[in-house]
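Taking it in order: structure first as structure tokens, then the write-up.
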Amino acid sequence: MSYLLPTYGKFPLTVVRGEGSRVWDDGGKEYLDFCAGIATCSIGHCHPALTQAISDQANTLMHCSNLYHVPQQEKLASLLVEDVVKTPGKVFFSNSGAEANDGMIKTARKFGHAKPASNGDARYEVITFSMSFHGRTLGSMAATAQKKIQVGFDPMLPGFKYVPFNDIDALSAAISDSTAGIMLEPIQGEGGVNEATPEFLQHIASLCKEHDLLLMLDEIQCGMGRTGTLNGWQSICPDLQPDTISWAKGMGGGFPIGAFFVSDRAINHDGTELSSLMDAGSHGSTYGGNPLACAAALGVLNTIIDNKLCENVSCQSKRIQDEITSWQHSTINNIRGKGLLLGIGLNSDALNPPEGTTPALLLCLELMENGLLTVPAGPDTLRLLPPLNVSDSEIDEAMKILKNTLDSLSKI
């Protein structure tokens, strides 16, 4: 009997220990972890830089109210603005990605009040895209253009319009006098590892300038070096200049933290900065940005930057894609994504999963049995999300397990 709410469809595995790219279950069996907490354990399990940062801070000060100055917040915010985004702006710290996205949505609402429609009505609408995933709070769930996660929670928070991903004409037609911003993942993770095209991102940027809209990027899964660049959008459209950005997952390396960035750009002739709209009392969090979480994130980000892990991500991504492509395997339709956010499109006919099981779930279960942990991205896509510092030998080992497992499952 479990006293937990049954909100997760759990795999039959109990993980009790981790080190680097490997974890062990309660029976002592060892696994290569290419799920990494769903793109969260960015520098692997129990990395010394992270564990030492947490230990040192835990022995000094774990929490204090955000009514006081928190030096670790200032240091982390400076690192994010100066070295990650490299654009003047301000940062708010939360505990999760869903909270960070809620903060971005609130920023768009504030902007819509400060810059109303021509008739004087506040703009409030945010355009998002099919197969997106932005979280499971009421706000971020309403922003997510997937009916399956909204079932049973109606009515949704109003103010969102859904448009097909990468459809330039549909996006242009969706803009109305009520639109305040356009929000998207540069690479959709949960929705199937779908990349925005460079042309689509450039068109969004043009529309935002033309209609005075906020360009809102959800980098929760694709950010923090995951794509081989510090920012996910840079792997597709390097010159993009977002107004707001959300982060979580890999920023804390497994320690809970989220954040959103708001640009300092002027929004009117008086020089009012966009970031100034989120003023005292407009947003808050009891735990967000506590000293312990910020110390952990500093340990992670400094490791990613100082150890040049983006270079390793690009190298290992090429090795994975070249190897899988060389197989020309009947079970694989394509491989998508950037860096170490990769999706393997699966051929359902070749895998022939039993009724009630998707191809991706079938493959994940078989890989787990064979010592490799992965995660689905929809019914027909297997996601590979190893730590950013994964080694050559670990990639080789994972590819061997993957091919042998596909060979054993192949029906064609």
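Every read-out reported here was derived from the displayed coordinates using simple, explicitly stated rules and does not represent laboratory data. Here the structure is a predicted model, which means the values were calculated and not measured. Every residue, glycine as well, gets a Cβ built from its backbone with ideal geometry; the counts of neighbours run over all protein chains shown.
Across segment 131-143, coupling constants 3J(HN,Hα) worked out from phi with the 6.51/-1.76/1.60 Karplus curve, θ = phi - 60°, read 6, 6, 8, 10, x, 10, 6, 4, x, 5, 5, 5, 6 Hz, and Gly and Pro carry x. Once both labels are positioned 7 Å from their Cα atoms along Cα-to-Cβ, the gap between residue 15 and residue 177 label points is 5.1 nm.
Modelled this way, with points 7 Å down the Cα-to-C-beta line, the labels at residue 86 and residue 322 are 2.7 nm from one another.
The aspartates and glutamates whose alpha-carbon is closer than 16 Å to the alpha-carbon of residue 338, local same-chain residues fewer than 8 away aside, are 185, 190, 195, 218, 219, 311, 322, 323.
Suppose a student asked you for the relative contact order of the chain, using Cα pairs under 8 Å spaced at least 6 residues apart; what percent would you report?
Working: 836 pairs, mean separation 87.3, N = 412.
RCO, the chain: 21 percent.
Full extension of the chain segment joining residue 151 with residue 287 gains 46.0 nm, where the gain is 0.36 nm per residue of separation less the Cα-Cα distance.
Between residue 117 and residue 199, the C-beta separation translates, for a Förster distance of 22 Å, into a calculated FRET efficiency of about 0.20.
Measuring against 21 Å, Cα to Cα, the residue pairs 10/403; 110/148; 115/161; 10/148; 148/249 contain 10/403; 110/148; 148/249 as the ones spanning a longer distance. Once a ≥ b ≥ c are taken as the square roots of the eigenvalues of the Cα gyration tensor of segment 167-319, is the result rounded (a/c under 1.5), prolate (a/b larger than b/c) or oblate (a/b not larger than b/c)? In terms of gyration-tensor shape, oblate. Note on segment 50-306: Rg/Rh from Cα positions, Kirkwood definition for Rh, rounded to two decimals, is 0.96. Spatial offset of segment 32-100 relative to segment 113-156 amounts to 27 Å, using the alpha carbon center of each.
Put the Cα centre of segment 162-185 next to the Cα centre of segment 315-332 and the gap is 34 Å.
Of all stretches in the chain that contain no trypsin sites (Lys or Arg not before Pro) in a DSSP loop with at most 16 other Cβ atoms within 10 Å, the longest one is 137-264.
How do 227, 40 rank when sorted from fewest to most other Cβ atoms within 10 Å of their own Cβ? The partial results should precede the final answer.
Details: 227 29, 40 22.
By the 10 Å Cβ count, ascending, the order reads 40, 227.
Filter the chymotrypsin sites (Phe, Trp or Tyr not before Pro) in segment 255-315 down to the DSSP loop ones having no more than 16 other Cβ atoms within 10 Å, then list what survives.
Working: sites: 260, 261, 287; in loops: 287.
Those that pass, being in a loop and sparsely packed, are 287.
Classify segment 286-391 from the C-alpha gyration tensor, please: rounded if a/c falls under 1.5, else prolate or oblate depending on whether a/b exceeds b/c. Verdict is oblate for segment 286-391. With a ≥ b ≥ c the root eigenvalues of the C-alpha gyration tensor of segment 30-168, is it rounded (a/c under 1.5), prolate (a/b larger than b/c) or oblate? The shape class here is oblate.
Rounded to the nearest 500 deg cm²/dmol, what is the calculated helix-only ellipticity per residue at 222 nm for the chain, with -39500 (n - 2.57) per DSSP H run of length n ≥ 4? Don't skip to the answer; put the middle values down first.
Working: 12 runs with 137 residues, N = 412.
-10000 deg cm²/dmol, from helical runs alone.
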